[in-house]
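For reference, the structure is listed below as C-alpha cells.
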Amino acid sequence: MSPERDLGRLLTGMRPELNLGRYVFTTVTAAPPPGLTPVVTVAEDEGLTLVVREEEADAAGLAHDYVAGWITLRVHSALDAVGLTAAVATALADAGISCNVVAGHHHDHLFVPYERADEALTLLQELAGRAG
C-alpha cells in the first residue's frame, strides 16, 4: 500500500488506536540502561530522549515528569503529506489536550496526557467521522 497524501483521505482513514500502557519521556546522556525498550528515541544536544513504558523507566531509576497515553494513527501517511498533524493538533488543542507528535515511516504517533487518552481517542474518532 502506498502512503496517503490527500488530507481528506488521511483524516477519514486515520483509525486512531490507543496502545496499552503508560509511557514517559526521559533523557540519558550515555547508552540507555539495559532492560529498556524505547518506542521512540530522539538524539538531542542535551542527551538521548527516550519514550518508554513507565514501569521500565521506574525500574531503571530514570526521572520523568510526563505520563502519556500513546495513540497510533493507523493510516499510512506520507512523510510529505500536508495538514494531518495540524488537523489533529487543532482538534486536541481545542479540547485543551496537549499532544506530542512523532512521525514514523508508516504512521503518526501521538503522546497525550495519560488521564485524557480515552477522551483524545474519542475526539480523533469524531474528527475522522466529520471528515468523511
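Using DSSP, restrict attention to beta bridges with both residues in the chain and report what percent are antiparallel, rounded to the nearest 5.
95
Rounded to a whole number, what % of the accessible area of region 37-83 do carbon and sulfur atoms account for, probe 1.4 Å?
Accessible surface attributable to carbon and sulfur in region 37-83 totals 50 percent.
If one takes the longest principal axis of the Cα atoms in the chain, at what angle in degrees, from 0 to 90 and to the nearest 10, does the Cα axis of helix 117-131 lie?
Approximately 20 degrees, to the nearest ten.
Taking the alpha carbon gyration tensor of region 59-132, what are the square roots of 5 times its eigenvalues, largest first, to the nearest whole Å?
Listed largest to smallest, the semi-axes of region 59-132 are 23, 16, 10 Å.
Can you report the principal axis dimensions of region 10-98 using only the alpha carbons, biggest first, rounded to whole angstrom?
41, 24, 22
Leaving ligands, DNA and RNA out of it, rank SER98, SER2 by accessible area with a 1.4 Å probe, largest first.
SER2, SER98
For region 16-21, in order, what is each residue's ³J(HN,Hα) by Karplus, 6.51 cos²θ - 1.76 cosθ + 1.60 with θ = phi - 60°, in whole Hz (x at glycine and Pro)?
x, 9, 8, 7, 6, x
In Å, what Kirkwood hydrodynamic radius results for region 1-56 from the alpha-carbon pair distances?
Details: mean 1/r = 0.0723 Å⁻¹.
Kirkwood radius, region 1-56: 13.8 Å.
May I ask for the angle, rounded to the nearest 10°, between helix 84-94 and the longest principal axis of the chain, with both axes built from Cα atoms and the value confined to 0 to 90°?
Result, in degrees: 80.
For region 93-132, what is the per residue volume of the convex hull drawn over the alpha-carbon atoms, in cubic angstrom? Please list the in-between numbers first.
Details: hull volume 3.2 nm³, N = 40.
So the per-residue hull volume is 79 Å³.
Where the centre of each part is set by its Cα atoms, how far does region 80-119 sit from region 1-45, in angstrom?
Answer, in whole Å: 11.
Report the normalised scattering of region 34-84 as log10 I(q)/I(0) at q = 0.25 Å⁻¹, calculated by the Debye formula with identical scatterers on the alpha carbons.
-1.05
How much accessible area per residue does the chain have, in Å², with a 1.4 Å probe? Walk me through the numbers before you get to the answer.
On the way: 7140 Å² over 132 residues.
For the chain, the solvent-accessible area averages 54 Å² per residue.
The values are calculated or read from the model by the stated rules, or taken from the named source; none is laboratory data. Model, not experiment: these values are computed from the prediction. When the accessible area is computed, the model is the full protein with side chains, heavy atoms only, and any ligands, DNA or RNA have been set aside. Shrake-Rupley method; radii C 1.70, N 1.55, O 1.52, S 1.80 Å.
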